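These notes concern the structure reproduced below.
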Amino acid sequence: MGGGDPRAADGLQAVFLANRPALLRYVTARGGADAAEDVLHDLWLKLADARPGPVANPLSYLFRAAENLLRDRHRARRQAALRERAWTEASGPAAPGVSDAPSGERALIAREELARISAAIGALDERARAAFRLHRLEGMAQRAIAAALGVSLSTVESDLRRAYRAVLTAREGDDEA
Amino acid sequence: MNQQHEQAREEAIGWAMRVADPDFGEWTALTRWLEADPLHAAAFEEALAAGDAADAALKAAPVPSALPVVSRPARRRIAGGLLAAAIIGAIGWTAFEHQAAPYTVATRPGETRTLRLEGATIALNGNSRITLDRHDPRRATLESGEALFDVRHDPDHPFRLTVGDAKLEDVGTRFDVTQDGRGLRVAVAEGAVLYNPDREAVRITAGAVLRERPGENQVMLGQIDPAGVGGWREGRLAFQSAPLATVAADLTRSLGVTIRAAPEVAARPFTGVIATHGDRVRLIADLGPLLDVKVREDHGSVLLTAKAMQPRS
């Protein structure tokens, strides 16, 4: 027998075709206007390759996959911007004699930011830290976190909100410096 | 920051939080929110980037230990419930990554857990740690300790296990894997397992055991009793010419008490079955005559040493 169940992919591809306008609208709204068609094309190709197993909610799956592709693109762009800036700073005339390699500079920026963010997370109370960790690294649903920590859903929400705020503020410190 | 930006940021945080939920389904509402104001897309992107950056920081931070030193008293109240769940966020990338959505399950010494995945049942012995993938139940990484795998074979999606540098692939199987300071041990009860299918491709069949020791560049194949594989689940540990160091490590996992073999007896072979059910204190005392060693307890851990005096007949 040939590998996999062809119907699973066909099913997802059918859902893709039926919901293409909604997906396109989402990708465009996410700021991918110029690349929106590319992103959807990539998504289509992925569906043909990936042969995911049975998917509980196909439309949600497609949005999630599109979001992942967008995020890869944004990450790549952020990395490129960081490289550019590091190179300009390292090779600019303002710092004669300081010939740190761009990659070293980049690592330093990343390390400093990481240290700031770690400090911000460390300053949270223990419950908020635990909730944030479960949310970010475990991918646990807020309801599940509430159950695990024995607190209400709204407590988890406000804990996570505080954690995000703290990290955002720590990151903003970078631009003001 | 002006009020408009502040509001966009708060809303963006809310969406970033919800979108990270595995069951998030409000994509249309999110689309509408993004379209409502050009500030929103940028604020959302910032919130997501903050999440990414937080992941790196959280991973770099010391893990809230779920494997405390043996017999540590209960920790603070909030973390307690969390640790009892024994599912801890230790290693692994977030659900944001494509496909991979790893999560780690760990047991404390003396605690065992059974994990039922699609097409596989994994029994995790004490003091062990395994990383699984929510999106791919045919993949696992045994970080440390011991686990017994009951795998339904599927030629299209073989079950793949990573242990240190080694890769194992099932060929229809019940097998037990141990990874600790003394290296890797793979014992097969039924079917067969392929060790490093892309390199050595050693086939381990039922009744065989493969051992890989740190610092040695060859692996050893030996014989075991297939019926004894995974006996720890029933409280039976079967050994066949196993060094006492191995016996001590296996007992540690099962009993939740640290047991070490002193260097002078560590290499001594032991063949036999040890029942780990029942009174722990008695069992530890009985180890002396059973293993022909002296049993010394200090600070909640147990040291097996050579007997001081020669027995007279």
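Summary of computed values
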quantity: Added length on full extension, which subtracts the Cα-Cα distance from 0.36 nm per residue, B:H153 to B:V273; calculated: 40.2 nm
quantity: Residues whose placed amide H lies under 5 Å from that of B:E143, excluding near-sequence neighbours; calculated: B:R129, B:I130, B:T131
quantity: Estimated inter-spin distance, A:D125 and A:R111, nm [label 7 Å along Cα→Cβ]; calculated: 3.5 nm
quantity: Given charges at beta-carbon only (K, R positive; D, E negative), |dipole| of the range B:235-305 in Debye; calculated: 100 debye
quantity: Protein accessible surface hidden between B and A, which excludes ligands and nucleic acids, total in Å², probe 1.4 Å; calculated: 5200 Å²
quantity: Under 5 Å, built H, 5+ apart or other chain: amide partners of B:V209; calculated: B:G222, B:Q223, B:I224
quantity: Cβ charges +1 (Lys, Arg) and -1 (Asp, Glu), total dipole of the range A:106-176, debye; calculated: 220 debye
quantity: Sites matching GluC sites (Glu not before Pro) across the range B:137-213 that sit in DSSP coil, with at most 16 neighbouring C-beta atoms within 10 Å; calculated: B:E200
quantity: Area of B:D279 that stays accessible when all protein chains are in place (1.4 Å probe, Å², to 10); calculated: 90 Å²
quantity: Carbon + sulfur, % of accessible area of the range B:214-284 - ligands and nucleic acids excluded, 1.4 Å; calculated: 53 percent
quantity: Solvent exposure, largest accessible area first (probe 1.4 Å, DNA, RNA and ligands not counted), of B:V273, B:V105; calculated: B:V273, B:V105
quantity: Alpha-carbon centroid distance for the pair the range B:1-64 / the range B:107-141, whole angstrom; calculated: 32 Å
quantity: Accessible area of A:Y61 in the full protein assembly, 1.4 Å probe (Å², nearest 10); calculated: 60 Å²
quantity: Segment B:R32-B:L115, length gained on full extension (0.36 nm per residue, minus Cα span); calculated: 25.8 nm
quantity: Protein-only accessible surface order, largest first, of B:H277, B:H299, B:H40, B:H5 at 1.4 Å; calculated: B:H299, B:H277, B:H5, B:H40
quantity: Estimated FRET transfer efficiency when R0 is 41 angstrom, pair A:A80-A:A56 (beta carbons, to 0.05); calculated: 0.70
quantity: Distance between the range B:250-267 and the range B:143-176 - C-alpha centres, whole angstrom; calculated: 26 Å
quantity: Label-point separation in nm, B:L39 to B:A262, each point 7 Å along Cα→Cβ; calculated: 7.3 nm
quantity: Residue-by-residue Karplus 3J(HN,Hα) for the range B:194-208, coefficients 6.51, -1.76, 1.60, Hz, glycine and proline x; calculated: 9, 8, 6, x, 8, 10, 5, 6, 7, 8, 9, 9, 4, x, 10
quantity: Solvent-accessible ranking of B:M17, B:M220, largest area first, probe 1.4 Å; calculated: B:M220, B:M17
quantity: Proximal lysines relative to B:K59, as straight alpha-carbon distance under 18 Å, when same-chain residues fewer than 8 apart are discounted; calculated: none
quantity: All Cα pairs of the range A:106-176, percent lying beyond 20 Å; calculated: 33 percent
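The values are calculated or read from the model by the stated rules, or taken from the named source; none is laboratory data. All of these numbers come straight from a predicted model, not from anything done at the bench. Positions of Cβ are backbone-derived with ideal geometry, glycine not excepted, and every protein chain shown enters the neighbour counts. Accessible surface is based on the protein model in full, side chains and every heavy atom, while ligands, DNA and RNA are left aside. Shrake-Rupley method; radii C 1.70, N 1.55, O 1.52, S 1.80 Å.
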